[in-house]
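The values are calculated or read from the model by the stated rules, or taken from the named source; none is laboratory data. Keep in mind that this is a model prediction, so the values were computed, not measured. With ideal geometry, Cβ positions are generated from the backbone for all residues, glycine too; neighbour counts draw on all protein chains shown. Quick note on the areas: whole protein, heavy atoms, side chains included, nothing else; ligands and nucleic acids left out. Shrake-Rupley method; radii C 1.70, N 1.55, O 1.52, S 1.80 Å.
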Amino acid sequence: MAPFFNLLLILLPIFAVLHHSTAAVSYPKEALPTKSGYLKVNSTTGSAIFYTFYEAQSSYENTPISQTPILIWLQGGPGCSSMLANLFELGPWLVNQDLSLEPNRGSWNKIFGLLFLDNPIGTGFSIAASPEEIPRNQYDVAKHLFIAIKKFVALNKSFKTRPIYITGESYAGKYLPALGYYILKKNALLPSESRVNLAGVAIGNGLTDPVIQVATHAVNAYNLGLINEKQMTLLEKLQLEVVGFVRSGKWNEATNARNMVLGTLTNMTGLATLYDFRRLTPYPNRVVVKFLNNVEVKKALGVKESMVFELCSKPVGDALHDDVMKSVRYMVEFLVKKTKVLLYQGQCDLRDGVLSTLSWVKKMKWEGIDEFLEAERKVWRVKGKLAGYVQKWESLSHVVVLNAGHLVPTDQPMNSQVMIQDWLLERGLFAAEKIEKDGH
Ligand SMILES: *[C@@H]1O[C@H](CO)[C@@H](O)[C@H](O)[C@H]1NC(C)=O
Ligand SMILES: *[C@@H]1O[C@H](CO)[C@@H](O)[C@H](O)[C@H]1NC(C)=O
Ligand SMILES: *[C@@H]1O[C@H](CO)[C@@H](O)[C@H](O)[C@H]1NC(C)=O
């Protein structure tokens, strides 16, 4: 044989290896979503919401699939993709730093269906036919989501009867109340077979009543020993500027001023991230971007090769810039009367943490608020280990998750799974109050 061919035989496998290491990350079949693709929200223009759905891994208490709850997850931002939660927080397969996938024991689809939506259009793999179509307010966000959810439910006859719980974190603290409110208002006008079967709302480290929440950063950081009194005074002055802009309806300036508060706090403390004061480096979530920009991965998910995946979309962030400081607390007040609401926070988050949330909760206009505030805060343990605290009154539950920052499921996979399951199924500390059962 000619030496040339011998050389080829030696080199070919080397080329193959090189090629493999630079390009071909594949999506293992067993890790693929049960369904994924697009839900059109505008049939004229083609704008569509990208979704991935994972069916429940097993059933509980002999619940038939037609009654098995579906959790819908919305990421915050504004404009960040729910694929972050899917592959880095609470989906059944998480992406490792070497871009391999690994089963997540703390997945939220252990006994429930789990649907991730890239919301609003223009986010993640979702498609905005034009920048003008990207929602600029919560009403338009909810309108698109309602259409998308109805389209999803129509994909399978067994979805129709399943209770739907809407969940998410951070800026979804605005999307979720807006969506819940929209669904309940819309349902009231629709025949029963056209309604969305909403059964509850869960908000993690949420931004919901921003003008109250922005005023808590200084005192929170001071009490943690991260800034001194002089810095606290300066930060409070900046916080008051935000409040001033909100009071005069200068929404653009208000959002910019809030960014100044967060930037100043970051610089004063020297922290790597406000998402968790314990972290020495930001959450290593760029792997999600690397993984999803792979051609084979896009193909497997039903996404066009030409789509570039970004964790957070600037056009969407810009479209909702003036919305950031607007409160949706009144929508939560409406929801606690009609359905159940869970508010949970990782204790180490400096953006939308415990104090930040409780400062608006205590101002809620709701007939149960005094009882809620007076209710005992119970020590929450998982398998005998301290996990956090639960406070509950009727439809409203509040959970502090210990040893967790902004991304609670990433930091506490098993505890977050127990929390969502027990809250939804009303078990353990989430069981209905005795006094109610005994008829007083
Ligand atoms: C669909 O897009 C058209 C053109 O931008 C717009 O007029 C219409 O309101 C949109 N419909 C929905 C449901 O967003
Ligand atoms: C509908 O959903 C059920 C439960 O996930 C599944 O077993 C069934 O295969 C689905 N049917 C279709 C046509 O996808
Ligand atoms: C924080 O520090 C960085 C780097 O020095 C600087 O560019 C930025 O303007 C600072 N931000 C604020 C809000 O002071």
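Mean-square fluctuation check for the chain, GNM, Cα pairs under 10 Å: which of ASN228, ASN415, ASN104 is largest?
Judging by the Gaussian network model, the answer is ASN228.
Among PRO64, TRP360, MET325, which residue has its Cα furthest toward the positive end of the charge dipole of the chain, with +1 on Lys/Arg Cβ and -1 on Asp/Glu Cβ?
The listed residue farthest towards the positive side: PRO64.
With a 1.4 Å probe and all protein chains kept in place, how much accessible area does CYS348 have, in Å² rounded to the nearest 10?
For CYS348, solvent-accessible area is about 10 Å².
Could you give the length gained on full extension between ARG377 and ASN137, defined as 0.36 nm per residue of separation minus the Cα-Cα distance, in nm?
Full extension from ARG377 to ASN137 adds 82.8 nm.
Could you compute how much accessible surface HIS321 exposes when probed at 1.4 Å, giving the result in Å² to the nearest 10?
Counting only protein heavy atoms, HIS321 exposes about 40 Å² to solvent.
For region 89-143, what percent of Cα pairs sit more than 17 Å apart?
Across region 89-143, Cα pairs with separations above 17 Å total 56 percent.
Can you pick out the pairs among LYS340/LYS385; LYS29/LYS110; LYS338/LYS385 whose Cα atoms lie more than 24 Å from each other?
Listed pairs above 24 Å: LYS340/LYS385; LYS338/LYS385.
Using only the alpha carbon atoms of region 155-266, find the Kirkwood hydrodynamic radius as the inverse mean reciprocal pair distance, in angstroms to one decimal.
16.7
Take GLU394, GLU193 and sort them by solvent-accessible surface of the protein heavy atoms, 1.4 Å probe, largest at the top.
From most accessible down to least: GLU193, GLU394.
Using a Förster radius of 56 Å, what is the FRET efficiency between GLU296 and ALA188 based on their Cβ-Cβ separation? Nearest 0.05, please.
The calculated FRET efficiency here is 0.75.
With all protein chains present and a 1.4 Å probe, how do LYS157, LYS174, LYS237 order by accessible area, largest first?
LYS157, LYS237, LYS174
Please flag any cysteine in the chain that has no other cysteine's Cβ under 4.7 angstrom from its own Cβ.
CYS348
Top mean-square fluctuation among PRO33, PRO131, PRO315, Gaussian network model of the chain, C-alpha springs under 10 Å?
PRO131
May I ask you to give the percent of accessible area on the chain that is carbon plus sulfur, with a probe radius of 1.4 Å? Please list the in-between numbers first.
On the way: 11020 of 19840 Å².
Using a 1.4 Å probe with all protein chains present, the chain comes out at 56 percent carbon and sulfur.
Please give the helix 138-153 orientation as an angle from the longest Cα principal axis of the chain, in degrees from 0 to 90, rounded to the nearest 10.
The answer is roughly 60 degrees.
Looking at the square roots a ≥ b ≥ c of the eigenvalues of the Cα gyration tensor of the chain, which shape do they give, rounded for a/c under 1.5, prolate if a/b is larger than b/c, or oblate? Walk me through the intermediate numbers first.
Values: a/c = 1.56, a/b = 1.32, b/c = 1.18.
The shape class here is prolate.
So how tilted is helix 3-22 from the main axis of the chain? Cα-based, degrees 0 to 90, rounded to 10.
With rounding to tens, the tilt is 10 degrees.
Measure nothing but the geometry: give the 0 to 90° angle between the long axis through the Cα atoms of 229-247 and the longest principal axis through the Cα atoms of the chain, rounded to 10°.
The answer is roughly 90 degrees.
What residue among ALA188, THR339, THR269 has its Cα farthest toward the positive end of the dipole of the chain, where the charges are +1 on Lys, Arg and -1 on Asp, Glu, each on the Cβ?
The residue sitting most towards the positive pole is ALA188.
Solvent-accessible area of GLU296, probe 1.4 Å, all protein chains present, reported in Å² to the nearest ten, please.
GLU296 has an accessible surface of roughly 80 Å² with all protein chains in place.
Please get the size of the charge dipole for the chain, origin at its Cα centre, with Cβ charges of +1 on Lys and Arg and -1 on Asp and Glu, quoted in debye to the nearest 20.
About 540 debye.
Tell me whether region 63-115 comes out rounded, prolate or oblate; compute the Cα gyration tensor, take square roots of the eigenvalues as a ≥ b ≥ c, and use a/c under 1.5 as the rounded threshold.
oblate
Need the C-alpha centroid separation for region 209-253 versus region 339-415, integer Å.
The distance from the Cα centre of region 209-253 to that of region 339-415 comes to 22 Å.
Which of PRO177, PRO282, PRO120 moves the most in a Gaussian network model of the chain with Cα springs under 10 Å?
PRO282
Using only the heavy atoms of the protein chains and a 1.4 Å probe, how would LYS378, LYS314 rank by accessible area, largest first?
LYS314, LYS378
Running Debye on region 286-362 with equal point scatterers at the Cα sites and no solvent, what base-10 log of I(q)/I(0) appears at q = 0.16, 0.19 Å⁻¹?
-0.89, -0.95
Say R0 is 45 Å: what FRET efficiency, to the nearest 0.05, do ALA272 and ALA431 get from their beta-carbon distance?
0.70
Give me the orientation-averaged projected area of the Cα convex hull of region 315-359, in nm², one decimal.
If you wrap the Cα atoms of region 315-359 in a convex hull and average its projections, you get 4.4 nm².
Quick one: what Rg and Dmax do you get for region 201-286 from the alpha carbons, in Å?
13.7, 40
Strictly greater than 21 Å: what percent of every Cα pair in region 27-112 meets that?
Of all Cα-Cα pairs in region 27-112, 39 percent lie more than 21 Å apart.
Sticking with the crude label model, points 7 Å out along Cα→Cβ, report the distance from GLU229 to LEU32 in nm, one decimal please.
Those two pseudo-labels are separated by 6.5 nm.
If r is the Cβ-Cβ distance from ARG105 to ASN256 and R0 is 41 Å, what FRET efficiency results, to the nearest 0.05?
Working from the Cβ atoms, E equals 0.45.
Using θ = phi - 60° and the Karplus form 6.51 cos²θ - 1.76 cosθ + 1.60, what ³J(HN,Hα) does each residue of region 162-179 get, whole Hz, x for Gly and Pro?
3J(HN,Hα) across region 162-179, in whole Hz: 7, x, 10, 10, 9, 9, x, 9, 6, 5, 5, x, 9, 4, 5, x, 5, 5.
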